[in-house]
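Engineer: The structure follows.
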Amino acid sequence: MMPAYFFAHGAPSLILDHMEYTNFLKEFAADKPKPKAIVLFSAHWENPEQAVSGVKGTYETIYDFYGFPDALYQMTYPAPGNPELGSEIQSVLAAHGIANVLDEKRGLDHGAWGILKLLYPDAAIPVVALSVNRYLTGEEQYNIGKAIGALREKDVLVIGSGGTVHNLRRVSRGAQQPEAWAVAFDDWLKENLEAWDTEALFRYAEDAPYGREAVPTAEHFVPLLLAMGAGDAGRQAKLLHRTYQYGTLSLSCWEFK
């Protein structure tokens, strides 16, 4: 069964950077089976209803950022859509009592293409993008991922793209080491993910050290719960990478199988 993954996407300029994390992403797929399709939840596609992409043809590239180097705005990621898989996902979600809507137009935002371009630069694998809703409970997030987890048996790669520590007001451009509070939160997260303690994880804002500082708004955290839910059948969590950008943005990758 194909594992599910959470990837932090960092700053939009991540794809232009040369660092330990980008090297990890570029080498990630080298020793792994090629998925038949990718289903990706991006923190940058927020919608009050669970939206499922039904794009026909290839995706447009969305530049949902400003003030970055011109080279970033020249990049594209024309991955093919997969409306048949999108329709299947809609049916699966509906069967689990999860209301959803179809979106046939929206392109891929940088939370999606910024990661995919590093993982699979040829943009040849069909993609179905899914939205997130920061206002759902942790259990509801997890159950959305769990509902589509069986797709992994069909060689579909499920990805959540966000950031476990994502406080843009606390970034320090010149930082060489991560802030202690950011590490403390991620250490708590690692302990509870490896124990598969969903009750604790659903209460991260109240129970984790510096929970509200690490996650001032939930949209970047919920892709982790979505990817974790997709791994419910096996309930094994493994941290594959963790470094930091600007002292407070965690660049992590979690595998769930």
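Engineer: Could you identify the single residue in 243, 248 that is touching a helix residue (DSSP H, G or I) at 6+ places or on another chain (Cβ under 6 Å) and buried (at least 20 other Cβ atoms within 10 Å of the Cβ)?
Structural biologist: It is 248.
Engineer: Would you confirm whether any residue within region 226-236 is outside any loop (DSSP other than H, G, I, E, B) and polar (S, T, N, Q)?
Structural biologist: No - not one qualifying residue is present in region 226-236.
Engineer: Those residues that are within 19 Å of the chain's Cα centre (by Cα) and surrounded by 18 or more Cβ atoms within 10 Å (Cβ to Cβ), I need them from region 185-201; list them, please.
Structural biologist: Listed by number, the residues that qualify are 185, 186, 189, 192, 193, 198, 201.
Engineer: Looking only at region 9-42, filter to residues that are assigned to a helix (DSSP H, G or I) and of a type in the set (Val, Ile, Thr); which one of those is surrounded by the most Cβ atoms within 10 Å (Cβ to Cβ)?
Structural biologist: If we take residues in region 9-42 being assigned to a helix (DSSP H, G or I) and of a type in the set (Val, Ile, Thr), then 15 is surrounded by the most Cβ atoms within 10 Å (Cβ to Cβ).
Engineer: Still on this structure, please answer the following. Given 73, 135, 66, 59, which one is more than 24 Å from residue 152 (Cβ to Cβ) and either touching a Leu at 6+ places or on another chain (Cβ under 9 Å) or modelled with pLDDT under 95 (or both)?
Structural biologist: Just one listed residue meets the conditions, 66.
Engineer: Which of (1) surrounded by 14 or more Cβ atoms within 10 Å (Cβ to Cβ); (2) under 17 Å from residue 118 (Cβ atoms) is the odd one out, the single condition residue 46 does not satisfy?
Structural biologist: (2)
Engineer: Another question about this same structure. Taking into account only those residues within region 120-158 that are among the β-branched types (Val, Ile, Thr) and surrounded by fewer than 23 Cβ atoms within 10 Å (Cβ to Cβ), which is nearest to residue 28 (Cα to Cα)?
Structural biologist: Filtering region 120-158 for residues that are among the β-branched types (Val, Ile, Thr) and surrounded by fewer than 23 Cβ atoms within 10 Å (Cβ to Cβ), the one nearest to residue 28 (Cα to Cα) comes out as 125.
Engineer: Can you tell me how many residues in region 92-119 are in a loop (DSSP other than H, G, I, E, B) and either of a type in the set (Lys, Arg) or crowded, with 20+ Cβ neighbours inside 10 Å (or both)?
Structural biologist: So the count comes out to 4.
Engineer: Condition test on residue 237, is it small (Gly, Ala, Ser), within 19 Å of residue 38 (Cα to Cα) and modelled with pLDDT of 95 or more?
Structural biologist: no
The values are calculated or read from the model by the stated rules, or taken from the named source; none is laboratory data. Given the structure is predicted, the values throughout are model-derived calculations rather than measurements. Quick reminder, even Gly has a Cβ in these numbers, built from the backbone with ideal geometry, and neighbours come from all protein chains shown.
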